[in-house]
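Here's the structure, in structure tokens; my notes come after.
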Amino acid sequence: MTTAILIVSARKNRRERVERVVLIPPPAGSAPAEPDAATRSDAPADATGRRADATGRRADAAARGAIAARADALAAAPLLNCLLREVAVPEAAEPEAAEPEAVVPEVVEPDAADPEAAEPEAAGPEAAEPEAVEPEAAEPEMAEQQVHEPEVAERQMAEPRSRRGARQVHRLPSGRLLRVRGARRPAEPEVRADGAWHRLDHRGLVDLVATELRHHTGLTNPELPAEMLDSRDAVAALLAARARATPPEDPYLRSEQSLLTGHPHHPAPKTRGGGPPGGWLPYAPEAYARFPLVLLGLREDTVVEDGDTAALDALGEAPPGYRLLPAHPWQLDLARTALAPAFADGRLVRLGTTPFDTWPTAAVRTLYAPGPDLFLKFSLDVRITNDIRRLWRHDLLRLRRTDAAATRALAAVGGPAAWLSDRGYRTAGFAFEELAVMVRDGLHAHVTPGATPLLAAGLVEGFEGSPLAGTADPAHWWEAYLAAVVPPALAAFADHGVVLEAHLQNTLVAVDSAGRPVQALFRDAEGVKLLPETERAAGWERLVYCLVVNHLTEVAAALADHHHGLDPWPAARRELARHDLPEVHALLAAPTLPGKTNLLLRWTGADGADARYLPLPNPLAGS
């Protein structure tokens, strides 16, 4: 039997008519129905072709539905983390019923005179027929591609499935109750209304968050809900692209390009400026992108540079009177209007592309070129998480000082810890921020021989071959991880007044052939703070947030998820206690840790650098 249903798009509330085939078994004792011509094995060739086409369409719809459901779940988790951390109050947990009722889409027979008259219930990630969800019309490049393996999106994540159990209930600023399943990656949000729990789809969750933030702050912000929806749609586009792509063979690159969820406590971690996926997918690390750099000739009298930029001149050959300036192709497109006069009058000339590909890292705007073993960081005029990702003039002008301080601090620590130096930058005086490129050390000169560097954030997110998931001795692995990461970060602060931004995306952890952590490598002078320019208390708070809350807490939770029964906090407490710092003693006795309020920061329109913190329970206290 064929039944018509209506599906509501999560992004645009657009209704779409689709067909669903419902298989109903015949009554007992009845004769089997005569097979239709298109389904008989002796059917004519044209009928067989139609059957194959129908099967292909159903498979494609199933794949798109699986991607849509996975995108909803991946986008909901960090948004719920923000909501629950920043404005909700926990209530009692509800035990799980033995057989929870499945949530299924409502089957609607539309009125022939008004095909949009009936509005179905929005279905959550557990909808029985997710394959019926069609891609958005605004993204035809996704619809044109056929994804024949609906399970591919699930396989991309090495993180284990959340264990079913009690649902935690939270009271929101409006007084409404919200319940979710899971703690580290909350899922399946339901709101209480009219004496019953109602599942929220992603759009419903975004609407709920906006309403609650208006109650909480008295402010409105139409931009942030749009970013939340864009982030979800970006995840869907990334999932579809990954299903058609091959991950890099190099474990390091695989770890850098693994972040489908991204920042676990940001309301829109994957937003890409709201543009169509065709504009940014070719440059997305999460889509396993790789591409050559565009090479420009920059007229010599307009060059502005500082530090060691010799590596840029080795990328190609500039004509007489020009210097070589590599450019990110996406940024060239974003800034094309502003740069058009410079191309017209000859201050800029196009010289082709590099003969090799570069790989975008987790930061999106920083690219790695394995051949020359070089990192290059560019401006991108796109908001990613809290900021427009430009290389700002004020940061570039202080780059040499902060980088030199971090280089000295890590060199003095001793042992294998290393700093990837931001050696220098080059840009155009007439487009100082738009065309800036920063040169960063590569890996080969710094990584312990025989070790493999991996992005710490990738270990948390999960990727094929991750040693965090695969270790046979998680307690020993965790002790080695702590010994590699914690001492250099604390020594840089205590002995040199250098506050490393040692969060997950700025830390690489090298592992030996057995997968055991043996070295930490830190990067990004732009985020480094120096004492006493920054007050010591503020610098310590920043270090605790980056190193403990953003970094160690997430690695510990991922490790415990993969290795049930492991309590990671006694080992973390022992490692920290080895360092005789008054701030460490206070940290181990404190009931709370500072948690960054990214949701409120974005809702209130605060500057991304203006970090605000709220107290979170300290797992180190009493461990």
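What the table below lists for this structure:
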item	result
Likely footprinting exposure, Thr604, Thr220, fewest C-beta neighbours within 10 Å first	Thr220, Thr604
3J(HN,Hα) from dihedral phi, the range 490-501, Karplus parametrisation 6.51/-1.76/1.60, rounded to Hz, x for glycine, proline	5, 5, 4, 6, 6, 9, 10, x, 10, 9, 6, 8
Gain upon complete extension [Asp194, Asp580; 0.36 nm per residue less C-alpha separation]	133.3 nm
Rounded FRET efficiency, nearest 0.05, which uses the C-beta distance separating Ala314 from Asp495 and R0 of 35 Å	0.45
Cα centroid separation - the range 561-581 against the range 352-391, whole Å	35 Å
Simple spin-label estimate for Asp567 and Arg408 in nanometres, 7 Å along Cα-Cβ	4.4 nm
Residues Glu479, Glu249 arranged by fewest to most Cβ contacts within 10 Å	Glu249, Glu479
Shape category assigned to the range 242-284 from the gyration tensor of Cα positions, a/c cut at 1.5	oblate
Protection proxy ranking, peptides 168-181, 275-288, average beta carbon neighbours within 10 Å, highest first	275-288, 168-181
Global form of the range 313-404, assessed from the alpha-carbon gyration tensor, a/c cut-off 1.5	rounded
For peptides 582-595, 362-375, 229-242, sequence by mean Cβ density within 10 Å, most packed first	229-242, 362-375, 582-595
Whole-Hz couplings from phi, Karplus 6.51/-1.76/1.60, listed for the range 308-323; x for Gly and Pro	8, 10, 4, 4, 5, 5, 7, 7, x, 10, 9, x, x, x, 10, 10
5 angstrom amide H check on Leu616, placed H, neighbours 5+ away	Leu593, Gly595
Long-range HN-HN contacts of Ala502 with modeled amide H, under 5 Å	Leu547
Highest to lowest packing among 523-532, 345-354, scored as the average C-beta count within 10 Å	523-532, 345-354
Order of His394, His496 under a 10 Å beta carbon neighbour criterion, fewest first	His394, His496
Thr592 paired with Trp392, simple spin-label distance in nm, labels 7 Å along Cα-to-beta-carbon	2.7 nm
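Quick note: the coordinates plus some simple rules give every number you see, no bench work behind them. Values in this document were obtained by computation on a predicted structure and should not be read as measured data. Neighbour counts are summed over all protein chains in view; Cβ atoms, including those assigned to glycine, are modelled from backbone coordinates with ideal geometry.
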